[in-house]
Amino acid sequence: MSAIDTIRSTTQGGRSEFRGAWPNGIGISRVACSGTVENDTDIVLDYMNPTEWSNAGHGAYGGHEHSSVAPQAWCDYFGFPKVGGRCGIHPSRIHLNTSRILGYSSDTTRRNHLIHETAHSFGFLDSCSVDAISNNTGSSSCTLPAGWIGLDRQELRDHIYPGWRYS
Amino acid sequence: MTREASLCSHRLRTILSIAAVMGAMLGVTVVANATPDPITAPQSDRPVKNCDAFKQRNDASESQELFDGATGKLVITTEDSIFVLDEASTPCKDNPLTKRRLEHARRIEDENVAALCKSFRQAIAEKRTQEKGRPVNLAAAEKYVAETCN
């Protein structure tokens, strides 16, 4: 199963940890390889070559996430509500160290890496303290996630987006 | 190779569009803890530091970044600290590590602005009233293009 399909299947609506939030699940409505960032683009995966990666200064890691605070005009255009006076994020860009990713030992590791990196776009930070999507291989005891687990869904619902109306 | 990686050779981008509700949901990331500044990530109790404290060790640490193009503030969350950098701050300009991070963030922001300008111009040209099934406020796009786009 691809990273996208794994994210879809592990964030389906009705999951108990969502406690009624997002009844239709976290739907990834469109995946494109166009190189074009559109108004409804939430996550951009930039596959960088070694020169680009080196110039970006992101070290030896496999990925690096950049979120941008959305211009107010973007929220006004779509009528997105402001929460706490803020408009939100648009988009989240993930810089990917392509040569490192291609050097991973298996498709599974590559898939899990993408699942981990896209979790940053949802607001998750790197951590190795518990077995979760935040795991970043920062230590030998820390392994990349194979998908969202209950703890991740609970974290999203209870701590990352507690103020959202979930409509 | 995963499906995603095989689809996109380097320099191309995979675009993930999460359902509209998710777009709005992502929008509350920075306010989830209801603080006036997006400097404290929701699950983080890491200390907040400034440019003076940003050392080589921090630069080399795995991190996530949040940039506000309107204010020039960049929040870098590392595994043990949160750094708030400011384009206008002299200490941030004087520290080559923070200067580089801010310049990189600004370049990304410029890409984002260019993409939004292109999208809004197209919407204006088409006199769009809806996009992705949602009604849109074209006046907001016109104002942004007039004030921001070259």
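The values are calculated or read from the model by the stated rules, or taken from the named source; none is laboratory data. All values reported here derive from a predicted model rather than from experimental measurement. Every residue, glycine as well, gets a Cβ built from its backbone with ideal geometry; the counts of neighbours run over all protein chains shown.
Numbers at a glance
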read-out: Boolean, B:Pro38 is modelled with pLDDT of 95 or more and either in a loop (DSSP other than H, G, I, E, B) or farther than 20 Å from A:Trp53 by Cα (or both); value: no
read-out: A:Ser129 more than 8 Å from chain B (Cβ to nearest Cβ), under 21 Å from A:Met1 (Cβ atoms), without any contact (Cβ under 8 Å) to a residue 12 or more places away in the chain and of a type in the set (S, T, N, Q); value: no
read-out: Filter pass, B:Asp94 being at pLDDT 95 or above, in contact with a Cys (Cβ under 9 Å, 6 or more places away or on another chain), among the charged types (D, E, K, R) and surrounded by fewer than 17 Cβ atoms within 10 Å (Cβ to Cβ); value: yes
read-out: Some residue of the stretch A:57-76 being modelled with pLDDT of 90 or more, over 16 Å from B:Asp68 (Cα atoms) and surrounded by fewer than 22 Cβ atoms within 10 Å (Cβ to Cβ); value: yes
read-out: Residues that are outside any loop (DSSP other than H, G, I, E, B), touching a helix residue (DSSP H, G or I) at 6+ places or on another chain (Cβ under 7 Å), of a type outside the set (Gly, Ala, Ser) and more than 7 Å from chain A (Cβ to nearest Cβ), drawn from the stretch B:118-150; value: B:Phe120, B:Arg121, B:Ile124, B:Leu138, B:Glu142, B:Val145, B:Thr148
read-out: Only listed residue being of a type in the set (D, E, K, R), closer than 27 Å to A:Thr108 by Cβ, within 7 Å of another protein chain (Cβ to nearest Cβ) and outside any loop (DSSP other than H, G, I, E, B), chosen from A:Asp5, A:Asp46; value: A:Asp46
read-out: Residue tally, condition in contact (Cβ under 8 Å) with a residue 40 or more places away in the chain and over 30 Å from B:Ile108 (Cα atoms), over the stretch A:2-22; value: 10
